[in-house]
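Asks: Provided herewith is a single structure, encoded as structure tokens, for subsequent inquiry.
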Amino acid sequence: MWSWSDVITPWDVKQYVYCPAIPWIARNFGVREPETLSMKLGREERQRRLSTLEALGLEPPIRLDVEMYSSKLLMAGTADAVAGSRRLTVIEVKAFKRKTLAHFRAQLMAYALLSEECLGPTVKAVLLAAGRALAFDVDGEALREARRLAARVREVIEGERCPSVERGARCLSCWYRRFCPIW
């Protein structure tokens, strides 16, 4: 039996890439940003999401909201979708267009790592952002990078101190700012 307090998640990886302080704050202060409009819309539009994914020509079956847990990685999460039977594709859906995608790509690759570990050979990862599909190969290098990031997130979360970060424009609209030691 596992507990959410024992694992890291692809959400933690995404937040770490966006700002290394966020997963530390979330874990050490026991807080999470309230559900955003984007999260709510993504959850509510399940049928539209499935139709969009089918239109991409992904190998069936397409499974939505795929829960995964790896005791080896001490990681758990729910991928938006996984397609295929022998050679899998992991899909992450974002409802709105974003200026930067690096943190979403990191989250997607963390899901790909979980899929590889839990479900089998994962060869593609697709990020759907505002109707645009960006496909990435899931190869040895991508999986090593996802493992490295996951290990770094675990180190940060388990650390006694918040990681050092520089204040920037992102900080002004950050929900976690009220808990951030650098403020």
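Asks: Go over the candidates Glu116, Glu59, Glu67 one by one and state the one that is outside any strand (DSSP E or B), farther than 25 Å from Cys19 by Cβ and under 15 Å from the mean Cα position of the chain (by Cα).
Replies: Glu116
Asks: Which count do you get for residues in segment 159-183 that are under 21 Å from the mean Cα position of the chain (by Cα) and aromatic (Phe, Trp, Tyr)?
Replies: So the answer is 2.
Asks: Do we find a residue being part of a loop (DSSP other than H, G, I, E, B) and either modelled with pLDDT of 95 or more or buried (at least 16 other Cβ atoms within 10 Å of the Cβ) (or both) anywhere in segment 128-141?
Replies: Yes, segment 128-141 has at least one match.
Asks: Which of the residues belonging to segment 167-183 are within 24 Å of Ala110 (Cβ to Cβ), touching a residue at least 12 places away in the same chain (Cβ under 8 Å) and in a loop (DSSP other than H, G, I, E, B)?
Replies: Correct list: Cys174, Cys180.
Asks: Now a separate question. Can you confirm whether Thr89 is over 19 Å from Trp11 (Cα atoms), surrounded by 18 or more Cβ atoms within 10 Å (Cβ to Cβ) and in contact with a Lys or Arg (Cβ under 9 Å, 6 or more places away or on another chain)?
Replies: no
Asks: Here is a follow-up. Take the residues of segment 151-170 that are touching a helix residue (DSSP H, G or I) at 6+ places or on another chain (Cβ under 6 Å) and of a type in the set (A, V, I, L, M, F, W, C): which is surrounded by the fewest Cβ atoms within 10 Å (Cβ to Cβ)?
Replies: Only one residue fits best here, namely Val165.
Asks: Now, a different point. Could you check how many residues of segment 83-100 are under 13 Å from Ser115 (Cβ atoms) and within 14 Å of the chain's Cα centre (by Cα)?
Replies: Counting residues in segment 83-100 that are under 13 Å from Ser115 (Cβ atoms) and within 14 Å of the chain's Cα centre (by Cα) gives 3.
Asks: Please count how many residues of segment 24-36 are over 12 Å from Cys180 (Cβ atoms) and in a helix (DSSP H, G or I).
Replies: Residues flagged as over 12 Å from Cys180 (Cβ atoms) and in a helix (DSSP H, G or I) within segment 24-36 amount to 1.
Asks: Regarding Ala81, is this residue at pLDDT 90 or above, closer than 14 Å to Ala133 by Cβ and either surrounded by 20 or more Cβ atoms within 10 Å (Cβ to Cβ) or among the small types (Gly, Ala, Ser) (or both)?
Replies: In short, yes.
The values are calculated or read from the model by the stated rules, or taken from the named source; none is laboratory data. Not measured: the values here are computed from a predicted model. For neighbour counting, all protein chains shown are included, and Cβ atoms are generated from backbone atoms with ideal geometry for every residue, glycine included.
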